[in-house]
Each structure stands twice: as structure tokens, then as C-alpha cells.
Amino acid sequence: MHTHTIFVISDGTGITAETFGTAIMAQFDTKPRLVRLPFVDSMDKAHQAVRQINHVAEVENHKPIVFTTLVNQEHLEMIEANCKGKVFDMFGTFVRPLEQELGQKSLHRVGRFSDISESKEYLERMEAINYTLAHDDGQTNHDLTGADVILVGVSRSGKTPTSLYLAMQFGLKVANYPLIPEDFERKQLPPALEPYRKKLFGLTIDPQRLSSIRNERRPDSRYASLANCRYEVAEAEAMMRRSGIRWLSSTTKSIEEIATTILQEVLPSHLGY
């Protein structure tokens with residue numbers, strides 16, 4: 001049972017407000033229900049948001065928490081004046097003091113994806129995502145020269161979600177390659193990866209956790225057995241040590257933590273991307 005309802009309101013996608021609000025709420029011992037209200041870009045939609053917030057306030061008998069990144073001041077003021085929630089205006093908290101500090105008015109731009117057709121950054125990001133999807137799970141060795149990072153590790157160690165996060169969040173071209181029993185028998189990296197050792201980064205995982213993940217996909221198979229998972233993880237870690245590949249365990253780390261470590265180790269310049 002949730003303890004509070006959190007509303008995230010934006011005239012854009014609401015992703016920024018959701019990310020920020022979720023990070024703040026993680027500091028408290030609560031189990032909130034999150035409701036995202038994106039594209040609140042008219043007074044009618046703002047009134048609809050107020051009605052929804054006020055209904056929840058009456059049903060739950062306490063104030064919902066409202067995180068907003070609304071740029072339109074009229075819509076924001078209407079919500080602040082009429083809703084029965086506790087409103088946190090994230091842009092107001094940071095943008096107005098920055099306007100004073102920088103001595104200039106903000107652009108009041110809605111969302112990070114405005115003017116998308118003219119955004120070089122956006123087009124490069126789409127190209128990176130396409131590259132990463134094409135090079136997922138060792139599907140192709142073509143154009144590994146173009147990769148910014150190549151992730152290696154046993155199957156289901158977190159390579160694909162980390163690759164996609166790096167592509168979507170940082171615009172990096174990421175290939176990922178599974179280490180398989182044939183590689184362990186040869187005691188060598190896949191031949192296609194040898195020329196790119198400086199781009200390689202390894203992921204490993206606790207064998208018991210790996211067995212649990214694999215059992216969801218192939219229950220009671222040799223692939224998912226604890227003995228096989230222990231063997232594969234031990235061989236993969238030994239191979240990475242021999243090859244001088246930097247690596248970490250994904251067992252208890254979030255994708256964000258894994259990605260940040262990879263950037264620190266392989267592409268530190270992109271931490272300021």
C-alpha cells in the first residue's frame with residue numbers, strides 16, 4: 001500500500017521532474033505512488049491536473065506532493081493557487097536565482113527536446129542507439145572501429161541494458177559481446193575483439209544472482225544451473241584478468257552506477273557530456 005501520491009507535472013515529457021522528484025523521495029522511508037502528467041501545455045490541461053490532484057487529496061485525506069517543471073507561468077500559478085497538493089516548482093527554485101546570478105533571462109524553453117529536427121545532439125544520439133542495437137549481443141563484428149565502448153561478459157550480466165543506457169543518455173556507440181564456453185576453452189578473447197582492447201570493459205555478476213536471472217528465461221536448464229554459472233563467471237573473470245580488461249560486478253549496482261564507472265575508466269571526457 002502506498003503512503004503518498006506524487007504528481008509530476010510538465011509541459012514537456014516530465015522525465016526531468018520525475019527523475020529529480022524520485023531522487024528526492026528516495027531519501028525518505030515512504031512507498032509513494034507516482035503519477036506523471038506530461039504535456040500540460042494548455043490552461044484546460046492545467047485545470048484537469050488540478051482536478052486530479054484535488055480528488056486524490058480528498059480520497060487519501062492528505063496532501064499529494066507535486067513536482068513540476070512547468071515553464072508557462074500562468075499554468076503554474078493556476079495550479080499553485082487551486083490545487084490541494086504541496087507544490088515544488090523545480091524550475092522556479094533554480095532558474096530564477098540563476099537569472100539573477102547570470103544577469104540574463106532564461107529561454108523558457110519547454111523540455112530538452114525542443115527544436116528537435118535541428119538538434120545535432122539528438123541526431124547523433126539516434127545514430128548511437130541504432131549502432132548499439134545493431135551491435136547487441138555480438139550480432140555483428142562490422143565497424144567495431146566505430147564503437148566508443150565494447151562491453152564483454154557472460155550472458156545476462158547486464159551488458160544490453162547498460163549499452164542502451166550509455167547510448168540513450170550519453171550518445172555513445174556501444175557494442176556488447178557475450179563470452180561463451182568456446183572462448184573459455186581457448187582461454188582467449190574472441191578474435192574479433194583483440195584489436196580493440198583499449199575500448200573493452202567487462203561486466204561480471206554473482207553466480208547465484210546469475211542463476212536466478214537465467215532461470216527466469218530457461219528454467220531448470222544447464223544454462224541456468226548454479227554450477228554452470230559459477231564456472232562461466234570464474235572463467236570470464238580469469239580471462240579479463242589475463243587480458244588486462246577493466247571490469248566490475250553488476251550484482252548490486254544500478255545501471256547509472258555501472259555507466260558512470262565505465263565512463264570514468266574508458267571515456268572520462270564524457271562525464272561532462
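The values are calculated or read from the model by the stated rules, or taken from the named source; none is laboratory data. Here the structure is a predicted model, which means the values were calculated and not measured. Reconstructed Cβ throughout: ideal geometry from the backbone, glycine too, with neighbour counts over all protein chains shown. Please note that ligands, DNA and RNA were not included when accessible areas were found on the heavy atoms of the full protein model with its side chains. Shrake-Rupley method; radii C 1.70, N 1.55, O 1.52, S 1.80 Å.
For the reader, a short list of remarks on this structure follows.
- Across GLU77, GLU99, GLU182, mean-square fluctuation computed from a Gaussian network of the chain (C-alpha pairs under 10 Å connected) peaks at GLU99.
- Using the 1.4 Å probe convention, the accessible area of the chain works out to 56 Å² per residue with neighbouring protein chains retained.
- Packing rank of 28-38, 237-247, where each peptide gets the mean count of other beta carbons within 10 Å, highest leading: 237-247, 28-38
- For the residue pairs LYS187/LYS253; LYS159/LYS253; LYS31/LYS84; LYS173/LYS253; LYS198/LYS253; LYS63/LYS84, the C-alpha atoms sit more than 18 angstrom apart in LYS187/LYS253; LYS31/LYS84; LYS173/LYS253; LYS198/LYS253.
- Dipole-positive endmost among ILE9, ASN72, HIS135 within the chain (Cβ charges, Cα centre): HIS135
- Accessible area of region 128-176 belonging to carbon and sulfur atoms, whole % at 1.4 Å probe: 50 percent
- Sorted on the mean count of surrounding Cβ atoms within 10 Å across their residues, most packed first, peptides 58-69, 139-150, 210-221 read 58-69, 139-150, 210-221.
- Between the Cα long axis of helix 73-82 and the first principal axis of the chain there is an angle of about 70°, rounded to the nearest 10.
- Applying a DSSP loop filter and a limit of 10 other Cβ atoms within 10 Å to the chymotrypsin sites (Phe, Trp or Tyr not before Pro) in region 165-211 leaves nothing.
- Using C-alpha pairs below 8 Å separated by at least 6 residues, the relative contact order for the chain is 13 percent.
- Taking the centroid of alpha carbons for each part, region 46-95 and region 131-160 are 43 Å apart.
- Backbone phi angles across region 53-59, fed through the Karplus curve with coefficients 6.51, -1.76 and 1.60 (θ = phi - 60°), yield HN-Hα couplings of 4, 5, 5, 5, 4, 6, 5 Hz in residue order; Gly and Pro are listed as x.
- Surface composition of region 206-273: carbon and sulfur make up 47 percent of the accessible area, probe 1.4 Å.
- Between 0 and 90°, nearest 10: helix 255-266 axis offset from the chain longest Cα axis: 60 degrees
- Rounded tilt (10° steps) of 120-134 against the dominant C-alpha axis of the chain: 40 degrees
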